[in-house]
Ligand code: NAD
């Protein structure tokens, strides 16, 4: 499979290029790496830029158009605006598009849905195996513990550079909890609290965000009852968890019919 990476110079882009070097035996070859015209790594060998020991003869460029036309699959951890533009290119090239970018607005997600009519799109705000399993567990536990007896609160902490809040993963966990209770997250979410908030409303799902240091990503879903509390916790220790998941998603989606897929589809959970 011929793979491209957009946002190649970013934290995740570099990690994916390094992970690809470790997974050389899987038959996936890096054929292109793209970043913004003003990105610092432009023109460098992609493997050296990512911190691999050996060059691979692929230079970091700034034009995604030939990349999407040439590659079988492109992995995209960039920004919402860039991802929407890339989705159009993936649709034109019928290229597998693996999207890890978070902070997408509803309209951006609609654009992914439109592109998915023409090419396989795997979209997951968290590509790790552990969080994918957590999503399924949260849905099950939320269905088992009634809203009148158990309040759901979602807590997350990430590194100081993260620009969106709550995290895409926290919102995904909220959607899973809401689905377990046969409702939509929009109807029940409390995204933040400050000042005289009044008492907690039964059936709502609350969010709390912390930012600091180098935390890769911690998520806790709390089911708080009067007499007991259940907590489901995931802690990412290394971005490798997301990079390995993204590569697995690209390999899984290659050859699949057009459609919008999640990591739960990829892992069959
Ligand atoms: P980062 O800022 O280190 O990297 C983003 C990269 O995208 C940068 O190199 C930037 O120059 C590039 N970029 C921006 N606009 C572009 C454009 N138009 N064309 C090409 N490149 C462009 O950020 P990061 O930590 O790597 O995270 C990137 C995204 O991935 C964020 O939305 C983050 O929340 C998300 N993320 C998702 C997962 C997951 O598992 N799904 C895991 C970690 C991070």
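So here's what we get for this one:
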{"read-out": "Distance in nm between pseudo-label sites at residue 210 and residue 81 (7 Å out along the Cβ direction from Cα)", "value": "3.3 nm"}
{"read-out": "Nearest-0.05 FRET efficiency for residue 233 and residue 94, computed from C-beta distance (R0 25 Å)", "value": "0.05"}
{"read-out": "Computed E for residue 110/residue 161 - FRET, C-beta separation, R0 30 angstrom, nearest 0.05", "value": "0.60"}
{"read-out": "Full-extension gain in nm, residue 63 to residue 149, via 0.36 nm per residue minus C-alpha separation", "value": "25.6 nm"}
{"read-out": "In range of the label at residue 201: residues from segment 136-159 whose backbone nitrogen is under 20 Å from the point 7 Å along Cα→Cβ", "value": "146-155"}
{"read-out": "Radius of gyration, Dmax [the chain; alpha carbons; angstrom]", "value": "19.4, 62"}
{"read-out": "Spatial separation of Cα centroids for segment 1-47 and segment 235-262, in angstrom", "value": "15 Å"}
{"read-out": "Gyration tensor verdict on segment 43-143 (Cα atoms; rounded if a/c is under 1.5, prolate if a/b is larger than b/c, oblate otherwise)", "value": "oblate"}
{"read-out": "Projected-area mean, segment 128-266, by convex hull of Cα positions, square nanometres", "value": "9.8 nm²"}
{"read-out": "0 to 90° range, to nearest 10: angle between helix 11-22 axis and the chain longest Cα axis", "value": "60 degrees"}
{"read-out": "Over segment 1-132, relative contact order from alpha-carbon pairs under 8 Å, at least 6 apart, %", "value": "22 percent"}
{"read-out": "Span from the segment 73-139 Cα centroid across to the segment 146-198 one, whole angstrom", "value": "21 Å"}
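Throughout, read-outs are computed from the coordinates displayed, never taken from laboratory work. Everything numeric here is computed off the predicted structure, so don't read it as measured data. Cβ coordinates were reconstructed from backbone atoms using ideal geometry, including for glycine residues, and neighbour counts include every protein chain displayed.
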